[in-house]
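The values are calculated or read from the model by the stated rules, or taken from the named source; none is laboratory data. Fair warning: this is a prediction, and the values are worked out from it, not measured in the lab. Cβ: placed from backbone, ideal geometry, glycine included. Neighbour counts: every protein chain shown.
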Amino acid sequence: MHCSNYRAETLALMKAVSMIEDSTEDVNSIVFFTDAMSVLEALTNNKVPQLANALQRISTNLNVTLQWIPAHCGVAGNEDADQLAKQGAQLDQPPVQVSYKEKVTIIKSLTRPRQEADAYHLLSRAEQVIMVRLRSGHNRLNAHMHKKYRLAPSPTCPCGTEDQTAEHILQRCKRHDQERATKWPQDTTLHQKLYGDVDDLRRTTSFIEETGVIV
């Protein structure tokens, strides 16, 4: 498989995972069909950790299956398109100038140590799911569900004071003052709750679980 196809299929799977995380459909299992055997082999060899982590997140609540399918099966025009792509790859490619800043960024990204043992990666899968949803804003709170999907009648929190966002739940919602005071007796910033050490993150996920808020 061409390197470009490999990258494209990896990005496509990442996009599919993101769509599943945002979905509100009540399902127990999900199957990914792909003709990219190289991507499946890379997952087995832990060469695509970002995709592996994304799949692990959704596997907390879903039975996830990766299914390989032969390429071009019964799809008219695919063989012609593949042949044209191969011919195009053999042509002279136009030079692309890369700025010094871009080169530095690329080098840094390639040489940066892997952060597999950071606070987030010390959490359980269930805890990681909660943290990803709180950090990204892609969650089931009213603000996101109303503005993104119109699946909530209003973005407002049931407490009635402001939009139900992660920041509101963690910092100000009066419905959860008691749980908040128990978890954080002293004022604690939102950044610490979302990006602090492993104890900070576990305190946050525990707070969400005890309040019963569905994120």
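What to note about this one:
- Tally of residues being in a loop (DSSP other than H, G, I, E, B), of a type in the set (S, T, N, Q) and without any contact (Cβ under 8 Å) to a residue 24 or more places away in the chain across segment 147-169: 3
- Within segment 178-191, being out of contact with any Phe, Trp or Tyr (no Cβ under 9 Å at 6 or more places or on another chain) and in a helix (DSSP H, G or I) holds for GLN178, ALA181, LEU190, HIS191.
- Selection status of THR205, assigned by TED's automatic domain parsing to the domain that holds VAL129, without any contact (Cβ under 8 Å) to a residue 24 or more places away in the chain and within 24 Å of the chain's Cα centre (by Cα): no
- Within segment 16-62, restricting attention to residues that are touching a residue at least 12 places away in the same chain (Cβ under 8 Å) and exposed (fewer than 11 other Cβ atoms within 10 Å of the Cβ), the residue that is farthest from ARG135 (Cα to Cα) is PHE33.
- Within segment 124-142, the residues that satisfy the criterion of being closer than 10 Å to LEU194 by Cα and surrounded by fewer than 20 Cβ atoms within 10 Å (Cβ to Cβ) are VAL132, ARG135.
This table checks each residue for (1) closer than 18 Å to SER206 by Cβ; (2) at pLDDT below 90.
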site: GLY88; (1), (2): no, yes
site: PRO95; (1), (2): no, yes
site: TYR100; (1), (2): no, yes
site: ALA117; (1), (2): no, yes
site: LEU122; (1), (2): yes, no
site: SER136; (1), (2): no, yes
site: ALA143; (1), (2): no, no
